[in-house]
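The values are calculated or read from the model by the stated rules, or taken from the named source; none is laboratory data. Note that this is a predicted model, so its numbers are computed, not measured. Note: ideal-geometry Cβ built from the backbone for every residue, glycine included; neighbour counts use all protein chains shown.
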Amino acid sequence: MAFTGLRLSTKKDWQRQSQSESEDDDMVGRKDLMPIVMSQVGNHFVPLVITMVGLPARGKTVLADKIQQYLNWTNHKAKVFCVSSYRRKHIESYSSHDLFRKENSEAAEIRQLSAQEAQDDATKWLQDGGDVAVSI
């Protein structure tokens, strides 16, 4: 059985779409705005947070590490903040998936505390001069 329901957009499709937009939307198709944006931002990042969410074992950590490596290679300060490492500091009594059951209120507090600690560390790191914080 062949999958035929999805067609990739081409540059020509995008140009057609941008030409057919209403005149009220003055941002679509305005290539003359790009130099203004680039002159204000330049080659410097403003502090940025990238948050990775998704199902377990789908490559979030690998992708976050690759993003960090690339940004550090291009002379931007990037750091990964992994909520699970903060969570592991707090758990000793859970050795199974019971930590993730929704009826387990004690574990929910641990998960919330871990997420808050990761967020606080990322915020502090960005305030101290970091460019990009990647949160998993």
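Among the residues of the stretch 95-124, those identified as surrounded by 17 or more Cβ atoms within 10 Å (Cβ to Cβ) and either over 25 Å from Gln68 (Cα atoms) or out of contact with any helix residue (DSSP H, G or I) (no Cβ under 9 Å at 6 or more places or on another chain) (or both) are Leu99, Ala107, Ile110, Ala122. Evaluate the following for Val80: is it part of a loop (DSSP other than H, G, I, E, B) and either over 16 Å from Leu126 (Cβ atoms) or aliphatic (A, V, I, L, M) (or both)? No, not satisfied. On inspection, Ser135 passes the criterion of being within 20 Å of the chain's Cα centre (by Cα) and small (Gly, Ala, Ser). Listed by first and then second residue, the pairs linking a residue in the stretch 48-71 that is touching a residue at least 60 places away in the same chain (Cβ under 8 Å) to a residue that is in a loop (DSSP other than H, G, I, E, B) and surrounded by 14 or more Cβ atoms within 10 Å (Cβ to Cβ), with Cβ atoms under 6 Å apart and 6 or more places separating them unless they lie on different chains, are Met52/Ile136; Lys60/Met52; Lys60/Ile136; Thr61/Ile136; Ala64/Met52; Ala64/Ile136. Can you name the residue in the stretch 60-77 that is surrounded by 14 or more Cβ atoms within 10 Å (Cβ to Cβ) and polar (S, T, N, Q) and, of all such residues, is nearest to Val134 (Cα to Cα)? Here the answer is Gln68.
Being free of Cβ contacts under 8 Å to residues at least 24 places away in the same chain and in a helix (DSSP H, G or I) is the filter here; which residues of the stretch 93-112 pass it? Once the filter is applied, which keeps residues that are free of Cβ contacts under 8 Å to residues at least 24 places away in the same chain and in a helix (DSSP H, G or I), the stretch 93-112 yields His97, Asp98, Leu99, Phe100, Ser105, Glu106, Ala107, Ala108, Glu109, Ile110, Gln112.
The residues on offer are Gln127, Gln116, Gln69, Gln40, and the sole one that is on the phi < 0 side of the Ramachandran plot, among the polar types (S, T, N, Q) and modelled with pLDDT under 90 is Gln40.
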